[in-house]
Amino acid sequence: MPLLTLQFFFKLLIHQYIVVECVALQSAVSMNEVVDIGVNLTHRAFRKHWRNVVQRAIDAGVTKLVLTGTSIQGSEECLGLCQTWFEETGAKNLYATVGVHPHDAKTWNDEQSYAQMKKMLSHPLAVAVGECGLDFNRNFSTPEDQIHAFREQVKLAVELNMPLFLHEREAHNELVKVLDEAGAGPLPPIVVHCFTGTKVEAMEYIQRGYYIGFTGTICKKERGAPLREMLPSIPLERIMVETDAPFMGFKKGRKSSEPADCIEVARKLAETVDMTFSTVCEKTTTNAVDLFQIKA
């Protein structure tokens, strides 16, 4: 075989090898990406540098962030950040929920809130009703106000057939009762986010077909121990990962969390359930994509 032909042949082999390696690398990277389903990006801790926070998350492998709407005004602000990011980058990395948190249930206005939420939920980057639910731990709003606002938001989610993004603290039975009494039609998909309850409560949610979101609390030695103990009993097909940033900090040296930390939540989850990191990333991302109907 002539020398030039041999040189061409080896160059072709090298080129094909490089292409295969690049494809494999891209595949590996995509398998190790996660969706942070709960980020409070409008919080004052992020306000001045929210773009940097988002970029750090993307660089770390947290390629989709679901921003948490906790009030009418807060939901509008979340959607505003999503829209701004999309207009500036052309990328759909940010999505938002629209809802009234149980702490803010006292602000619910029957004449306005339902209609305002319904209008915001028509935005293409709005993906769920919430954060809504019940919190009888602090009772910043009365239980009666919380239950009323929650019922109305469940009603709206059923009407629009949009997922519910739920908050529950020391109100498991009451929350389930409201959902059981919804009555206007079949419930849409549900995720109970930032779960810190008991194994019995978790298993009831799973039996009902709900998803459960776990934060960096599972990374904490003592406080996370009960959660780590129950995690192997929960099907990975029902688990999502999140930070609830800037809350639920778990990294040494700082009290707060940020979306980039979601990768470490997935890593601890993988270690706890004895699965590969890539499997946990792939499954939890699939769960989030399916629930929120976003592109992977």
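Readers should treat all values here as calculations from the given coordinates under stated rules, not as data from a laboratory. On a predicted model such as this, the values are computed, not experimentally measured, just so you know. Note that we place each Cβ from the backbone using ideal geometry, even for glycine, and neighbour counts take in every protein chain shown.
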Step through the residues of region 135-141 one at a time and calculate ³J(HN,Hα) from phi using the Karplus curve (6.51 cos²θ - 1.76 cosθ + 1.60, θ = phi - 60°), rounding each to whole Hz and writing x for Gly and Pro. 9, 9, 7, 10, 6, 5, 10
What does the helix-only formula give at 222 nm for the chain: each DSSP H stretch with n ≥ 4 adding -39500 (n - 2.57), the total divided by the residues, and the result rounded to the nearest 500 deg cm²/dmol? -14500 deg cm²/dmol
Could you give the distance between the Cα centres of region 102-165 and region 227-277, to the whole Å? 26
Name the most mobile residue of 238, 44, 228, meaning the one with the largest mean-square fluctuation, in a Gaussian network model of the chain with Cα contacts below 10 Å. 44
For residue 52 and residue 256, extending 7 Å from Cα along the Cα-Cβ vector and measuring point to point gives, in nm, a value of 1.1
Length gained when the stretch residue 144-residue 279 is fully extended (0.36 nm per residue, less Cα-Cα span): 44.3 nm
What residue among 148, 172, 49 has the largest mean-square fluctuation in a Gaussian network model of the chain, using Cα springs under 10 Å? 49
In the chain, which whole DSSP H runs stretch at least 24 Å along their own axis (Cα) and average 0.5 or higher on the Kyte-Doolittle scale? 3-31
The simple spin-label model distance between residue 151 and residue 180, using points 7 Å out along Cα→Cβ, in nm, is 1.6
So if I restrict to the alpha-carbon atoms in region 183-296, what is the Rg, and what is Dmax, the biggest pairwise distance, in Å? 13.9, 49
For the chain, built as a Gaussian network whose Cα springs stay under 10 Å, the top-fluctuating residue of 209, 69, 130: 209
At 0.890 mPa s and 25 °C, plugging the Kirkwood radius over alpha-carbon pairs of region 116-195 into Stokes-Einstein gives what diffusion coefficient in µm²/s? 192
Aspartates and glutamates with Cα under 19 Å of residue 283, excluding same-chain neighbours fewer than 8 positions away: 33, 36, 237, 242, 261, 264, 271, 274
Only four residue types carry charge here, +1 at the Cβ of Lys and Arg and -1 at the Cβ of Asp and Glu. Report the dipole size of the chain about the Cα centre in Debye, rounded to the nearest 20. 920
Please give the length that would be gained between residue 293 and residue 44 if that part of the chain were fully extended, namely 0.36 nm times their separation in residues minus their C-alpha to C-alpha distance (nm, one decimal). 86.8 nm
